[in-house]
Amino acid sequence: MSKDRYQSPLVSRYVTPEMAYIFSDDKKFQTWRKLWIMLAKAEQELGLDISDAQIAEMEANIENIDYELAAVEEKKRRHDVMAHVHTFGECCPSAAPIIHLGATSCYVGDNTDLIVLRDGLDDLIPKLARVIDRFRKFADEYKDLPTLGFTHYQPAQLTTVGKRASLWLQELVMDLRNIERARADLRFRGVKGTTGTQASFLSLFEGDHDKVEELDRKVTAAAGFDSAFIVTGQTYSRKVDVDILSALGSFGATAHKIATDIRLLANLKEIEEPFGKDQIGSSAMAYKRNPMRSERCCSLARHLMSLVSDAQHTAAVQWMERTLDDSANRRISLGEAFLTADAVLGILQNVSEGLVVYPKVIERRIMQELPFMATENFIMAIVKAGGDRQECHEQIRVLSHEAAAVVKQEGGDNDLIERIKKSDYFKPIHDQIEALMDPSTFIGRAPQQVERFLSEEVDAVLKPYAEQLAGSSELHV
């Protein structure tokens, strides 16, 4: 790798080789050549004067790309597709006259983009399923472990560690649905001509509309698509890019939320992401265990979310049948969206496979807050023992304020329970206090909700990917 010029850190640091290849030059320009071959074969089958030898010559040179010549041609012609038409023709002299016959640049450009987007989605979807599978196991393992819930990042009623993870899972399942839907909606541009009217192909086939329709169907099937758009301009609608990047950007928001929660919990020392044996948390503070994986996840997820606006703005300014101000933007935004989503998925899987839970820390935090939450239980127990509800409320109020002052003004632990145990007023329920303080009685139906959610929803979405869930995720850096 050259060290004297900019290289995308997405490729050098974060993404998998599979995704890096999908958006590579080799993938792009070999696909162009395959599309020219598909077109020539279909035109030959429908009666145009194209020989088997010409097709064989093209097929023999799919990977024989002279990138230096292509660069020279593009500099001269200021047109990337024509540069590659001439470059392909140089190694296929007999086929040169029929390469790109009847087509416009978007025949190879847009159709290749759709193939790349399809392949990118096919690569991402099983990776998202793996992340869901890992968090599913985590949620199931900890569905019964009480933990302090937070609203407004202030202590609230108890939940469980697994129930909190199920909230992450629910959004990941929604993301899988959205990305699967974008994949299912994907169609081929097909063979449409310069402004989408198929006029050039109608001319080639001497006004035979049926042959033009059949040409479109043949090439669409050869490219591996079930259907093509019936109408296009010069390009396929850039709303397709909006739909796909919106689904990926929405996943970015989910990933950011999950990683943020983990970062907050790491600060509380309740949950930690994986931390390597030789990992350094800080160059100055040797004791630190910074959640760098989750921080990286948030950092990349923000970039992923921001790319959605690129697709929206591009779709909004496609004048009439097309304008070229989409090209440079899409070269960057489409690839970066997929590369970034790939990187974020890798980090999330890595984190989910190595999460560490500290039950004793969680229990201690619960006990700092639970006495206040349990006061209603104490009141009800006193009433059952023959006490007055209003008088008991006042007794609790006074003792609670005294305990709160110890916590806030003196920095001490919450001693409300000790105060209640020393109070003669609460003597009738002293033997019930431990039971009334059992955290498991404060979590409602959290375990049952998790069990039902996993069995009815999560397992159902994972079933199609059962054979693709194996394998761990290792970070490069």
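The values are calculated or read from the model by the stated rules, or taken from the named source; none is laboratory data. For clarity, every value in this text was computed on a predicted model and none was experimentally measured. Cβ sites come from the backbone with ideal geometry, for glycine too, and all protein chains shown count toward neighbours.
Worth pointing out:
- Evaluation of Leu268 against the conditions (1) closer than 21 Å to Leu167 by Cβ; (2) out of contact with any helix residue (DSSP H, G or I) (no Cβ under 8 Å at 6 or more places or on another chain) shows that the sole unmet condition is (2).
- Close pairs (7 angstrom Cβ cut-off, 6 or more residues apart or separate chains): without any contact (Cβ under 8 Å) to a residue 60 or more places away in the chain in the range 392-410, in a helix (DSSP H, G or I) and among the hydroxyl-bearing types (Ser, Thr, Tyr) anywhere: Ile396/Thr375; Ser400/Thr375
Condition check ((1) crowded, with 18+ Cβ neighbours inside 10 Å; (2) over 30 Å from His393 (Cβ atoms)) across all residues:
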{"residue": "Leu416", "(1), (2)": "yes, no"}
{"residue": "Pro439", "(1), (2)": "yes, no"}
{"residue": "Gln448", "(1), (2)": "no, yes"}
{"residue": "Glu451", "(1), (2)": "no, yes"}
{"residue": "Leu462", "(1), (2)": "yes, yes"}
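- On inspection, Glu57 fails the criterion of being in contact with an Asp or Glu (Cβ under 9 Å, 6 or more places away or on another chain), in contact (Cβ under 8 Å) with a residue 12 or more places away in the chain, not hydrophobic (A, V, I, L, M, F, W, C) and not assigned by TED's automatic domain parsing to the domain that holds Arg331.
- Check on Gly120, buried (at least 22 other Cβ atoms within 10 Å of the Cβ) and at positive phi: no
- Ser250 being under 20 Å from Thr340 (Cα atoms) and either buried (at least 18 other Cβ atoms within 10 Å of the Cβ) or out of contact with any strand residue (DSSP E or B) (no Cβ under 7 Å at 6 or more places or on another chain) (or both): yes
- Pairs with Cβ under 6 Å, 6+ apart, first in the range 452-477 and over 12 Å from Arg130 (Cβ atoms), second surrounded by 12 or more Cβ atoms within 10 Å (Cβ to Cβ) and among the small types (Gly, Ala, Ser): Phe453/Ser166
- Which numbered condition Leu101 misses (of (1) of a type in the set (A, V, I, L, M); (2) part of a loop (DSSP other than H, G, I, E, B); (3) in contact with a Phe, Trp or Tyr (Cβ under 6 Å, 6 or more places away or on another chain)): (3)
- Residue satisfying all of: in the range 254-276; among the aliphatic types (A, V, I, L, M) and without any contact (Cβ under 8 Å) to a residue 60 or more places away in the chain; farthest from Tyr153 (Cα to Cα) among these: Ala266
- The listed residues are Leu39, Leu69, Leu35, and the only one of them that is within 25 Å of Arg331 (Cβ to Cβ), touching an Asp or Glu at 6+ places or on another chain (Cβ under 7 Å) and among the hydrophobic types (A, V, I, L, M, F, W, C) turns out to be Leu69.
- Some residue of the range 158-171 being crowded, with 22+ Cβ neighbours inside 10 Å, more than 21 Å from Val361 (Cβ to Cβ) and touching a strand residue (DSSP E or B) at 6+ places or on another chain (Cβ under 8 Å): no
- Restricting Glu57, Glu43, Glu90 to residues that are at pLDDT below 95 and either in a helix (DSSP H, G or I) or surrounded by fewer than 21 Cβ atoms within 10 Å (Cβ to Cβ) (or both) narrows the list to Glu90.
- Every residue from the range 1-40 that is outside any helix (DSSP H, G or I) and either of a type in the set (S, T, N, Q) or in contact (Cβ under 8 Å) with a residue 40 or more places away in the chain (or both): Ser2, Gln7, Ser8, Val15, Thr16, Phe23, Ser24
- For the range 60-105, the set of residues classified as over 28 Å from Thr232 (Cα atoms) and either among the acidic types (Asp, Glu) or in contact (Cβ under 8 Å) with a residue 60 or more places away in the chain (or both) consists of Glu63, Asp66, Glu68, Glu73, Glu90, listed by residue number.
- With respect to being in the same structural domain as Val242 (by TED's automatic domain parsing), crowded, with 18+ Cβ neighbours inside 10 Å and not acidic (Asp, Glu), Ala403 falls outside the description.
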